[in-house]
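**Q** Sharing a structure here in structure tokens format.
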Amino acid sequence: MVTAFEAVSKVVDPELRVVTIAELGILRAVDESEGRVTVTITPTYSGCPAMDAIRDDIRQALARHGFTEVEVKTVLSPAWSTDMITASGHEALHRAGIAPPGSTACPHCSSAKTLQISRYASTPCQALHRCLGCAEPFNAVKTL
Amino acid sequence: MTGPLELADDALIAAQRLSEWVSRAPTLEEDVALANIALDQLGVARLLLQSLGDEDELAYGRGDGEFRNCLLVELPLGPARGDLDFGWTVVWLLFLAAAQKLRYEASGDPVAAGGGSGGRGLAEGGLAEGGSGGRGSGGRGLAEGGLAEGGSGSVKEVAAKAVKESAYHLDHATQWTIRLGDGTPESHRRVQEAVHELWPYTHELTEGIREDWLSIVEPVLAEATLTRPESEGWRPSGGRGGRHTEHLSYLLAEMQALHRAHPGAQW
């Protein structure tokens, strides 16, 4: 029997599908009382377009495990920071070829010689880099 | 006076203007950058509007006279209506982001922003203190003004997030201002013209935070080999009181047309 917390913790980020919302620090709390589940999340960037998808995914994940009375609350404080990404989150990003926040080493060949091509990339939270060692481009999660 | 509605409208109109660059920017990377900055602005606008009422009604249902954005953000991104001048946009963003960062910093910590002003109402936080030179007086009084204090979506909480994003916007605009100002004769001419044309609008933008704002912007202009106007003569304003230029009418017409034609539509 899966608990509400277990079900929600496994919800992956809709964009960075290799990390869960728990690993990213988006998931703040899951409270269950008398069959009613209250999930508290926090947005990363103010304009993050993935938040609606995350809310839907949370409801679906809970519904799959029999939790149908669900409230998803969004809090803004304390403000999300990349410091909240867990160690396993860092590893998952790195394995997927995305440099985790605080690191600009090439996730492909580990070279420290990389260049930031653009401060803004495929999502508000990422920047685009190129490795001067292996010449591959890679995304890097920006420190916030 | 710059309360939450003023900040929200600044961000909303700025987002709409910046979006005009999508598919038209000089490089692919810059297209993405400007779209991302616009998205950040829109996100902050939405959070602030949600704390004030129905975000859709506020964004799509108000007429020109009810908007409280400063005039700077509604201006075309170039010398004439319909223009898209990249150098102009860079200077516009420099001026705007520097002001927004200061305002969000002040909102996030009203007590630290000026000391001893606790308990003042919204109306006393800005104008009554006297214009330029009042350190921190422009953005204060926001969290004290009767909105959700510390609850989810309070101005203080939104500002705490917005200030970090503003820092990135300011940095982006700073780097481009320097690159273009200290660039070719063509790029220098374009950004220099933008500085002169936009400067009069910065007074309304920086009401109460002028000195701090100058301390951010002037070094950037200097490094970019740009000069600022000597005389501070003409100071257009009125945006904070709902008296706008014709440019806002065109902008709102485009922004609101769909919602007004099909109220409540979803897809």
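**Q** Would you please give the FRET efficiency between B:T27 and B:D83, computed as 1/(1 + (r/R0)^6) with r the Cβ-Cβ distance and R0 = 22 Å, to the nearest 0.05? All intermediate terms of the calculation are to be shown ahead of the outcome.
**A** Values: r = 19 Å, r/R0 = 0.86.
Computed FRET efficiency for B:T27 and B:D83 comes out at 0.70.
**Q** Give the Cα extents of the protein assembly as shown along the principal axes, in whole Å, largest first.
**A** Extents along the principal axes, in whole Å: 73, 54, 48.
**Q** Give the list, by residue number, of cysteines in the protein assembly as shown with no other Cys Cβ closer than 4.7 Å, or say none.
**A** A:C48, A:C125, B:C70
**Q** Cross-link candidates for B:K164: which lysines have Cα within less than 17 Å, leaving aside residues fewer than 8 places away along the same chain?
**A** A:K142, B:K101, B:K156
**Q** Sticking with this one: Calculate how steeply helix A:51-64 sits against the longest principal axis of the alpha-carbon atoms of chain A, using the helix alpha-carbon long axis, and give the answer as 0 to 90 degrees to the nearest 10.
**A** Tilt relative to chain A: about 50 degrees.
**Q** Give the residue list of GluC sites (Glu not before Pro) in segment B:166-245 that are DSSP loop and have at most 10 other beta-carbon atoms within 10 angstrom.
**A** B:E230
**Q** On full extension of the chain, what length is gained from B:H259 through B:A222, given 0.36 nm per residue of separation minus the C-alpha to C-alpha distance? If you can, show how the numbers build up before the last one.
**A** Values: separation 37, 0.36 × 37 = 13.32 nm, distance 4.46 nm.
Gain on stretching B:H259 to B:A222: 8.9 nm.
**Q** Give a quick list of GluC sites (Glu not before Pro) in segment A:1-108 that DSSP marks as loop, anything other than H, G, I, E or B, with at most 13 other Cβ atoms within 10 Å. Write down the numbers at each step before the final one.
**A** Working: sites: A:E6, A:E15, A:E23, A:E32, A:E34, A:E69, A:E71, A:E91; in loops: A:E15, A:E23, A:E34.
Here the sparse-neighbourhood loop sites are A:E34.
**Q** Calculate the length of the line joining the C-alpha centroid of segment A:1-62 to that of segment A:83-144, in whole Å.
**A** The two parts, judged by their Cα centres, are 24 Å apart.
**Q** Another question, if that's okay. What is the average number of partner chain Cβ atoms found within 10 Å of a Cβ in A:114-124?
**A** On the way: counts 0, 0, 0, 1, 7, 9, 13, 4, 2, 3, 9.
For this peptide, the per-residue mean of nearby foreign Cβ atoms is 4.
**Q** To one decimal place, what orientation-averaged projected area in nm² is obtained for the convex hull of the Cα set of segment B:1-65?
**A** Working: hull surface 19.2 nm².
Convex hull of Cα atoms, orientation-averaged projection: 4.8 nm².
**Q** A follow-up question, please. Counting pairs of Cα atoms in chain A, how many percent are more than 18 Å apart? Before the final figure, lay out the partial values.
**A** Numbers: 5884 of 10296 pairs.
Roughly 57 percent, once rounded to a whole number.
FYI, it's all coordinate maths here, none of it is from the lab. Just so it is clear, the structure is predicted and the values come from calculations on it, not from any experiment. Methodologically, a virtual Cβ is constructed for each residue, glycine included, from the backbone with ideal geometry; neighbour enumeration extends over all protein chains shown.
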